[in-house]
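The values are calculated or read from the model by the stated rules, or taken from the named source; none is laboratory data. What you see is a predicted model; the values in this text were computed from it and never measured. Note that each Cβ is placed from the backbone with ideal geometry, even for glycine, and that neighbours are counted across all protein chains shown.
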């Protein structure tokens, strides 16, 4: 590793901890490298404006974010919650299971964990506390169940992974179904065990008529992921066009059919999404300069040599990568962590011949766990705000739910078939 | 006092204009993605410039709003140390952050202007528009707006507070 690269890393970390914006920390650190190595500074613009952000597939990121925000603004969350209450509210743990199922269904429309906590979470926590569930349990399970958001398709994090790792969006979307189900089930088992001692209120088991009726209000919104996946898999549209279709479909659903939001709300959501996504895109733009430096320094080859020389089993190496991502996720947004780490680790994962679709889901899950880990878990802040509990209490209530999710990660590392079985079954 | 009133009119106007262009860029991306599908399946006529225009709009969306994001303090940052600092140290940290960011933007702006001038005669592949306008102009405008809002934050804010107190 050259002196200039060490300087880049040190400067980047120093600036980051001084609270310089991530994009500026990275770009400034990279400028020092360009100056030392006498690389023309004009190349910064070429890399930033012509690099990762001009990827057409990446355009699906703001579009899915917009579709999720539109769903979140309307009454879809409430409809999904009511549907889940009828169908799983009768099991021991009652609204805890409702919370998990609702998050799983909402994940099929929103694609981010934060949308789940801030939108659906507020409904879930209120209903749970109103029915005698303690705030700690309610907030803990709400934050934990939100991690299925980016796992079950569509997922904005999956788009970012596919762009960086050069993988198929369709495969990653389809591969996310079983892991999403696995996480949901593991949380439900946890709820079932915890609720044994607490005697929480449950609803009546639904009759067949009630079961059929419960589908009516949610069916149009549940069609969103199906339309996206069928369209993409059938070759009707590209992942980016599918995201555009998702936006128009959710807009029509919320404005015309459900009549929850107005055209003005629609415009406001476009504005909010554009502002949010510009922040992520700016980091991707500066990461292009960082990637150039990593490539020039051949850092992946050096790391690869070190990993291969260590004779660690591939699974342990993958778990170590997950730990690094999880650690970084405690301080940074999940997508940012992926943008920073993936260019470095992808050659290692490829050399280990680990399934890249399974790795994608594992990475996304590890990164998104950052929403539920202190000191900067955004989910913890939102949960704390909704319940009025202190940040410490919210953290304490949430951390135990990391266990079932961590178990799921270990299972996927040792049995990547959990992810790859469905994509492998489908024809190319 | 006159300057203050002028500033109160100009700053929101600049901010609103930048946000409006940003909103338009994302709305246009949505429209183009759907328009492409409709043209392909209904009119059997694929949209050959759609991909290029959408990605160019993404560049506009990204850079143009960077100054506004600074003003609203919504750039992604790590606050782990900042939270422990007292008011005085926070101010010092703010100044350091501003200097680092200013240096970064200064270099990026220089780089963007050089790129704009050098690539002026090069057109995009599908659209007959100069690369300088589609890819490099938003960077220049974005960096200028960033500097504008930074200067405003550090130079005018305290004066305004003092004047209002008077």
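This table checks each residue for (1) within 14 Å of another protein chain (Cβ to nearest Cβ); (2) outside any helix (DSSP H, G or I); (3) surrounded by fewer than 23 Cβ atoms within 10 Å (Cβ to Cβ).
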site: A:157; (1), (2), (3): no, no, no
site: A:183; (1), (2), (3): no, no, no
site: A:213; (1), (2), (3): no, no, yes
site: A:248; (1), (2), (3): yes, no, yes
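When the range A:36-66 is examined, which residues are found to be more than 9 Å from chain B (Cβ to nearest Cβ), over 23 Å from residue A:166 (Cα atoms) and assigned to a helix (DSSP H, G or I)?
Correct list: A:36 only.
Considering A:287, A:274, A:306, which residue is within 15 Å of residue B:142 (Cβ to Cβ) and either touching a helix residue (DSSP H, G or I) at 6+ places or on another chain (Cβ under 6 Å) or assigned to a helix (DSSP H, G or I) (or both)? Can you show your working first?
On the way: A:287 fails: within 15 Å of residue B:142 (Cβ to Cβ); A:306 fails: within 15 Å of residue B:142 (Cβ to Cβ).
The conditions single out A:274.
Which one is nearest to residue A:293 (Cα to Cα) among residues in the range A:30-54 that are in contact with a helix residue (DSSP H, G or I) (Cβ under 6 Å, 6 or more places away or on another chain) and without any contact (Cβ under 8 Å) to a residue 24 or more places away in the chain?
A:31
Residue-wise test of (1) within 14 Å of the chain's Cα centre (by Cα); (2) closer than 27 Å to residue B:24 by Cα.
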position: B:96; (1), (2): no, no
position: B:104; (1), (2): no, no
position: B:109; (1), (2): yes, yes
position: B:127; (1), (2): no, yes
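Just checking, does the range B:129-142 include any residue being assigned to a helix (DSSP H, G or I), closer than 26 Å to residue A:17 by Cβ, free of Cβ contacts under 8 Å to residues at least 12 places away in the same chain and more than 9 Å from every other protein chain (Cβ to nearest Cβ)?
Pass one, the range B:129-142, residues assigned to a helix (DSSP H, G or I): B:131-142.
Filter again for closer than 26 Å to residue A:17 by Cβ, leaving B:142.
After this cut, where a residue has to be free of Cβ contacts under 8 Å to residues at least 12 places away in the same chain as well, the list is none.
No, because not a single residue in the range B:129-142 is assigned to a helix (DSSP H, G or I), closer than 26 Å to residue A:17 by Cβ, free of Cβ contacts under 8 Å to residues at least 12 places away in the same chain and more than 9 Å from every other protein chain (Cβ to nearest Cβ).
Could you identify the single residue in B:103, B:116, B:148, B:154 that is modelled with pLDDT under 90 and touching a helix residue (DSSP H, G or I) at 6+ places or on another chain (Cβ under 8 Å)?
Values: B:103 fails: modelled with pLDDT under 90; B:116 fails: modelled with pLDDT under 90; B:148 fails: modelled with pLDDT under 90.
None of the others qualify; the one that does is B:154.
Within the range A:320-337, track down each residue that is at pLDDT 80 or above and farther than 22 Å from residue A:414 by Cβ.
So the first thing to find is which residues in the range A:320-337 are at pLDDT 80 or above, and the list is A:320-330, A:334-337.
Once the filter is applied, which keeps residues that are at pLDDT 80 or above and farther than 22 Å from residue A:414 by Cβ, the range A:320-337 yields A:328, A:330, A:334, A:335, A:336, A:337.
Can you name the condition, by its number, that residue A:77 falls short on among (1) away from chain B (no Cβ under 11 Å); (2) outside any helix (DSSP H, G or I)?
Residue A:77 satisfies all of (1) away from chain B (no Cβ under 11 Å); (2) outside any helix (DSSP H, G or I) except (2).
If I ask for residues that are more than 17 Å from residue A:159 (Cβ to Cβ), more than 13 Å from the chain's Cα centre (by Cα) and assigned to a helix (DSSP H, G or I), which ones from the range A:327-363 would you list?
Hits for the range A:327-363 are A:327, A:328, A:344, A:345, A:347, A:348, A:349, A:350, A:351, A:358.
Let me confirm something: among A:129, A:112, A:46, which residue is surrounded by fewer than 23 Cβ atoms within 10 Å (Cβ to Cβ) and either closer than 29 Å to residue A:396 by Cα or in contact with a strand residue (DSSP E or B) (Cβ under 7 Å, 6 or more places away or on another chain) (or both)?
Of the residues listed, the single one that is surrounded by fewer than 23 Cβ atoms within 10 Å (Cβ to Cβ) and either closer than 29 Å to residue A:396 by Cα or in contact with a strand residue (DSSP E or B) (Cβ under 7 Å, 6 or more places away or on another chain) (or both) is A:129.
Only residues that are modelled with pLDDT of 85 or more, closer than 20 Å to residue A:414 by Cβ and surrounded by 14 or more Cβ atoms within 10 Å (Cβ to Cβ): list them for the range A:293-319, please.
Those that are modelled with pLDDT of 85 or more, closer than 20 Å to residue A:414 by Cβ and surrounded by 14 or more Cβ atoms within 10 Å (Cβ to Cβ): A:312, A:314, A:315, A:317, A:318, A:319.
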